[in-house]
Amino acid sequence: MHNEKLIRDIVKLKKDRNAVILVHNYQLPEVQDIGDILGDSLGLSREAAKTKAEVVVFCGVHFMAETAALLCPDKKVLIPDPLSGCPMADMITAEQLRAFKKEHPGAPVVTYVNSSAEVKAESDYCCTSANSVQVVNSIEEDTVLFVPDKYLGAYTAQKTGKKLILWDGYCPTHAKILPEHVLAKKNEYPGALVMAHPECRQEVCGLADVVCSTEGFIAHSRKAKNKEIIVATEVGMLYRLKKLIPEKNFIPASEAAVCPNMKKNTLEKVLWSLQDMKTEVKVSDDIRVRAKKAIDRMLTAG
């Protein structure tokens, strides 16, 4: 009952404010249910840019709201919980990236979108977990600096055959998924398809039938003949998969793969965000122009 009133209040305020609610695949189920657009971080921002909304409420983590601010400079971007950060994005700063570039002069920088706007501004290209291979293949040079995710970088190096110099960053939530977790689930569900996100450890990706992004999970699950699918990513993804494809049984590779930052946004916080029009996420014009260049180069890569 409490939730029903919250949802009614959110719907009314959303209309009054001409707002759109973006919800990442790892958010709480009740937050996913109020989303206007669901998806992965870059896809959400690109969809938001197409809408006529004046306000964007981003239920995700801070770097995602920054990306929305980069791509929607004419909109006010709000994050319901300003403390929902990303440990991986925090593992590299613009200053550290500048020093890394000096150590490897001439090597282009590919930066995973799970990074701050300042880091994107120091990069030549951005990439997502879905297009990292395509982006790196589009680059003429054989040696590429890849930040901040060493696991996505290792996967990309393996697929492209290029020399990727990796930064020592990673997602602590995906790192919790261990090969023994996957093997135990495979043993329990012998006919299951195993899907893994490329932020997982290399040994986990090596055990998977499919390695893909969160949106890729949906496409592959729909196509798969298997009735049971083991999913190696943050557990929030399973709610969306079960909702979209109820006829299949989705099994988490590890129940411990919970991102505490992703779970900080609640219905109450979404409502307060719309009521008080905060917390706004802004990016300076200088950073925005440089970071957007790296995103645009990614979009035209390949």
- Item | Share antiparallel - DSSP beta bridges, the chain, percent rounded to 5 | 5
- Item | Helix runs (DSSP H) in the chain reaching 18 Å along axis by Cα, Kyte-Doolittle at least -1.0 | 285-300
- Message: Would the chain count as rounded, prolate or oblate if I go by the C-alpha gyration tensor, calling it rounded below 1.5 in a/c and otherwise prolate when a/b exceeds b/c, oblate otherwise?
- Response: oblate
- Message: Loop-only trypsin sites (Lys or Arg not before Pro) in region 30-101, please: DSSP not H, G, I, E or B, and at most 16 other Cβ atoms within 10 Å.
- Response: LYS52
- Prolate/oblate/rounded call for region 146-250, Cα gyration tensor, a/c under 1.5 rounded: prolate
- Task: Pull up the cross-link candidates among the aspartates and glutamates for LYS264, meaning alpha carbon to alpha carbon under 12 Å and not fewer than 8 places away within one chain.
- Result: ASP81
- Query: Kirkwood hydrodynamic radius for region 89-170: how many Å is it when counted over pairs of different Cα atoms?
  - Reply: 12.2
- Message: With a 10 Å cut-off between alpha carbons and a GNM built on the chain, which of ASP16, ASP90, ASP40 moves the most?
- Response: ASP16
- Task: Quote to one decimal, in nm, the extra length available between GLU54 and LEU299 on full extension: 0.36 nm per residue of separation minus the C-alpha distance between them.
- Result: 85.8 nm
- If R0 = 22 Å, then LYS163 and GLN96, at their Cβ-Cβ distance, give a FRET efficiency to the nearest 0.05 of 0.60
- Is region 10-119 rounded, prolate or oblate when judged by the Cα gyration tensor, a ≥ b ≥ c being the square roots of its eigenvalues, rounded requiring a/c under 1.5 and prolate requiring a/b larger than b/c? prolate
- Return the aspartates and glutamates within reach of LYS292: Cα separation strictly under 17 angstrom, same-chain partners fewer than 8 residues apart disregarded; answer none if there are no such residues. GLU47, GLU66, ASP74, GLU118, GLU122, ASP124
- Task: Could you sort out which of LYS225/LYS263; LYS150/LYS263; LYS12/LYS248 sit more than 26 Å apart by Cα distance in this structure?
- Result: LYS225/LYS263; LYS12/LYS248
- Hey, what did the chain get for relative contact order, percent, Cα under 8 Å, at least 6 apart? 23
- Message: Under 8 Å for C-alpha pairs, at least 6 residues apart: give me the relative contact order for region 89-170, rounded to a whole percent.
- Response: 29
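Throughout, read-outs are computed from the coordinates displayed, never taken from laboratory work. If you're wondering where the values come from, they're calculated on a predicted model, not measured in any experiment. Cβ coordinates were reconstructed from backbone atoms using ideal geometry, including for glycine residues, and neighbour counts include every protein chain displayed.
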